[in-house]
Each structure stands twice: as C-alpha cells, then as structure tokens.
1. Which residue pairs have Cβ atoms under 6 Å apart, sit 6 or more places apart or on different chains, and have a first residue in segment A:4-27 that is within 13 Å of A:Ile52 (Cα to Cα) and a second that is among the acidic types (Asp, Glu) and part of a strand (DSSP E or B)?
2. Residue check, B:Arg17 against (1) in a helix (DSSP H, G or I); (2) of a type outside the set (Asp, Glu); (3) surrounded by fewer than 21 Cβ atoms within 10 Å (Cβ to Cβ); (4) within 14 Å of chain A (Cβ to nearest Cβ), all met but one. Which one?
3. Among the residues of segment B:219-232, count how many are surrounded by 13 or more Cβ atoms within 10 Å (Cβ to Cβ) and without any contact (Cβ under 8 Å) to a residue 12 or more places away in the chain.
4. Do you know which residues across segment A:56-93 are under 29 Å from A:Lys131 (Cα atoms), part of a loop (DSSP other than H, G, I, E, B) and touching a strand residue (DSSP E or B) at 6+ places or on another chain (Cβ under 6 Å)?
5. Would it be correct to say that A:Gly139 is within 23 Å of the chain's Cα centre (by Cα) and more than 14 Å from every other protein chain (Cβ to nearest Cβ)?
6. How about segment B:178-226: which of its residues are part of a helix (DSSP H, G or I) and more than 23 Å from the chain's Cα centre (by Cα)?
7. What helices (runs of 4 or more DSSP H) completely inside segment B:69-149 contain at least 3 residues that are surrounded by 18 or more Cβ atoms within 10 Å (Cβ to Cβ) and among the small types (Gly, Ala, Ser)?
8. Report the residue count in segment B:132-153 for those that are at pLDDT below 95, within 19 Å of B:Val68 (Cβ to Cβ) and among the small types (Gly, Ala, Ser).
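The values are calculated or read from the model by the stated rules, or taken from the named source; none is laboratory data. Please read all numbers here as calculations on a predicted model, not as lab measurements. So basically every Cβ, Gly included, is an ideal-geometry build from the backbone, and we count neighbours across all protein chains shown.
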Amino acid sequence: MAAAIETTKLTKGYKSRIHGTVNVVDKLDLHVEEGEIFGFLGPNGAGKTTTIKMLLGIIYPTSGEGYVLGKEIGDMDVHRLISYVPERPYYYEYMTGMELLKFYGSLFGITDVKKFEALLEKVNLHRDASKTISQYSKGMQQRVGLAQSLLNDPKLLFLDEPTGGLDPIAHREIRDLILSFRDEGRTVFISSHELSEVELICDRVAIINRGVIERQGKLSDLLSGGRVEISAEGVPTQFISDMKINDANVRAIPGGVLLDMPEEADITAVIDAVRAQKGKLLSIVPRKKRLEDLFVETVRDKSVAPAAAKKTLTVESGDKP
Amino acid sequence: MRPIISIASTTLGEAIRRKVLLIILLIGILFLVIAPGLGVLSARSETTVLRGMLLGVIQLTSAVIAVVLTVYMIPNEIERRTIYTILSKPVQRWQFLVGKYLGAVLSLGLMMVLMTTVMAFTFYLQQRDFTAVPELVKAPVMYFVQMSLLAALAVFFSTFVAPLVNFFLSGGMYILGSLFNPFFQTLDQSPTTPLGAKIAAKLVNVILPNFANYNVQNPIINPGQSIANEGAYYFQVSVYGLFYIGILLVGGILVFDRREV
C-alpha cells in the first residue's frame, strides 16, 4: 500500500542557552499508509504537535526528510489535498457556522453553498448554521472544525486531540465522524491522549516519547501478548516459582497462590503441575493487553534504568512453602 | 488573490468588532463632537482653533487605532492557532501577511471615514460654511496614507517582536518620524553641519519613514499658508508612502516566511 506519510530521520531542534541544541523531535521514522487511521501517541511535550507542524510545513525541520502524499513536506500542492484541525481550535467567533465554511472555502476557491450545507449536515450542524461560533458548545466547535477540514475533500486529515475536553456524547459523535472518514477512503492522522478512543478506531499507532518513536505498528500486533492469571490452592508458592516461567510473577494470596504469566507461556504445564501437587485450580483468567498498558509500559520504561526494567521471574511475597 | 481578499475581509470583520478599537474610536468621535465647545479655551480665531482641534483629534485617534490594531494582529492569530488552519490550506505566508495588512488598512480607512464625516458635520454645524469642508477633508486623506505607513511599520515589527515592544517601537518611530524628521532634514541639508552629523542625519532620514510629509494641516488651519503645487506634492508623498509600505511589507514577508509559528 502507498504511504500517505513517510519520514526519514526527521529532526527538529531548538537552541537553548542552557542545554545547547535540544531535539524535540529526533530522527523520526514514520510510516503511515493510505486509507488508515493512524494514532500518534505520546505524553505531553513528547513532540506530537511539533511533528504535525513539520508535516504541515508550518515549521521547518532541522534535518531529515519527510513526504506527505508523495510530495516533500511544505509543498503547496499538498495543501490542496490535506486538512488540519488543531487542538482546542479557535475560529472567528463573530462568524456563523455557514460564514466560517464560506471563509475557509474561499481559501480553496470554493463558493458552492450547497457543499457548505451538505458538510454542515454531515457534522449535524445544519440546524445551527446561522448561529455564531461564540454560541457553539465545545463539541459543536469541534464538529464545525471537522466540517471545514472536509471542504477540499482531503485525502489526508491531521487531527490534533480531536476529542480533548469533550463530553461522552460529543466523543461518540466525533469518533463516528472519524470512522466515516476512513470509510470514505481518507487517511486520518490522529494525535491523542485518549487511549481508549485510539484503541477503538486506529489501525496502526506510533508512540513517541521525548521526541523519539518508541513503538510503531499495527495495533493488533502491538497489543498481542496478553497475560493469563492462574490462581490455585494447595500448591506451595516456591513450587510454582521453581518452574522458572519467563516473565511471570508469582505471589501468595489468601488461601493459595496467584501466577501472572504471558499468554504464550505453557499454561497446560502449570495446570498439570497443580494437579500433580494435588492442588486445586481456582481460576484461569486471560487478560488482554490494552493500549493504556502498552503506552504506560513504553513511556515508563524510558524513565527506569534498564536493569530495573528487565522483567524476570519474581516472588513478591515471602510465603513459606 | 482570492485568499488575500478573504483574509483581508476577515481581518476587517474582526477589527470592527474589537471593543478596544471601538472605545478608542468612540472617544475620538466624542472629542470631535465637543471640539467646538473647547475653542473658547484659546485666544486664537475660533475657526483656526476648531480646524486645528478637529484635525488633531482625527490624527491622534487614527494613530492610536493604527498601532493597537496592528501590533496584536499576527501574534493573536498564532496564539489562538487560527493561523494553523489557514496556513495548512493552500495559502502562502506572504498572502496571509498581505491579507492581514490590507484588512487592517481597510478597517482603518473605514474608521477614518466615519471620523471625517463626523468632523465635516461638526464643522458645518459650527461654521455654517460647506465650501470650507472639502479643503478640511484633504488632511484626513493624507493622514490615511500616513496611518497606512504606520500600520505597515507595525506589521513589519509584529513579525519578529512581541506586541508590547512593537507598540513602543512603532509608536516611537511614528513620533520621531513626525516630529523630528524635518529637524534631521534641516541638519542634513545645512552647509554648516559637521560631516559626521550630516551622515548620521542622512541615515536617519533614509531609514526613518518621513511621517511629517503627511502633516498637511498647517495650510488648512492657517489660510495664509499654502503648499506650492499642492497636487504634485500630494502625489509625490503618496508614492513615497506606497514605496515605503512596499519595502516594509517585503521585509515583513522575508522575516515571516522563515519564522516558526
């Protein structure tokens, strides 16, 4: 599949009197395929908005290269094919929803009122077209922002925190709109903190931390490797520990032992061992890996010393066998 | 051209709704309306004082509006992030800057037309002499060129300095260019001026926009004075103003084009 966005070692540095040059985005290699919803995740100050601004040609990279829809970033031709909705957007408050679309439409040379009406209907604002932006709620402002972003029938949309600060109903409306963009064959690049939202709608994600891409790939691949919790009684904790299951945690619980292990580990061996010890199996609970877990693990790992971060079999309680 | 017109009309739409500008405008209009009553404070001829006060109020109010309107124009767009939605469309940075400038000049022109109309009415009601009104209106026309130049200066500075600094920088240059430019000119042309001072005066003369060119109120206020070849003078200083505005806008575009927003 063709790449909608492709960057190679894209870097943005700022000069600081104290720290010298600080790279807020460092050697970014990003690959976004056409027609997918791509989640760009990271903590505050990770470099998400800086990356988007570079891709839009609003700020200039210090080094590296980037291509948007096959053209070098900053190419004005690309601006006819892309759209951007910034985080907490501000639109001219004195304008009505319709006037706002007319203004942004005029920047493309679009004057078709029917098109503006259709877009307002698409974002469910057709009944509020004559209200001024100052009368719009946050959710309505976000929706009118999405309407303006569709004026040029874009192939690629950049949405910076599209659901930030919205109530659950507005969340749902925006999410449905974003999903409809994919159905229409558009590529959507979302920068967000709303991990549950991203998990629901994104095909692929990248996690950026301190300007560096830590993980990138299909959501299904990144979230593979869930865990399984097995609880049993009548089995000594040390016995389970001695099985040396990689990346497993064993701890004593009232009346038994709890084993937390990767789902790909040999569950049958554990069950057989419990039976062999004449123990009683209490429960086997599979736990799917969530994006939030992956995100926290990725971001936290960077701030923990490698030796401490390395996972090994550990016994957390001194339960005597 | 279309993006420039759209951005200019949006800037106009915003400017005429900005409370601070409307308050300054209202204060200006209030002073224009009460100006005839203030004439008693001076011992000079009533007509002379009235003309001087009316033109003075228009010039001062327009200058304050020009600076307040333009110093926040670009920084506000960046702070509110509206600039991102505009520059992510097929709009070049120069188009954005020129559109903003033209919008500011349009707003300024609109407000000056309003003040000039109030001035003309006030003068007519006081003097009952309509024939003197066209003569009086010549000065605001020249002030408009002066304010357009001041707006260009403030837009130029707004591409690289903070609004407050810009306020004092543009305002300061306006005062210097209005009051001291004739002094520097005299210094430059005087045969007795030492060479070093002459070079410095010339340099200031070239760099500093000559706002004094547009202070044409003296012949209007004092009927005894006149500008030799008035039409040619107005044309010449208008061309000078347009040329200077062009230079300032090109300078602003060059800075803004590389600026990280």
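1. Between residues of segment A:4-27 that are within 13 Å of A:Ile52 (Cα to Cα) and residues that are among the acidic types (Asp, Glu) and part of a strand (DSSP E or B), the close pairs are A:Thr11/A:Asp26.
2. So B:Arg17 meets the others, but not (1).
3. The total comes to 3.
4. A:Pro86, A:Glu87
5. So A:Gly139 passes the test.
6. B:Thr186, B:Leu187, B:Asp188, B:Gln189, B:Leu195, B:Gly196, B:Ala197, B:Lys198, B:Ile199, B:Ala200, B:Ala201, B:Lys202
7. B:93-127
8. So the answer is 0.
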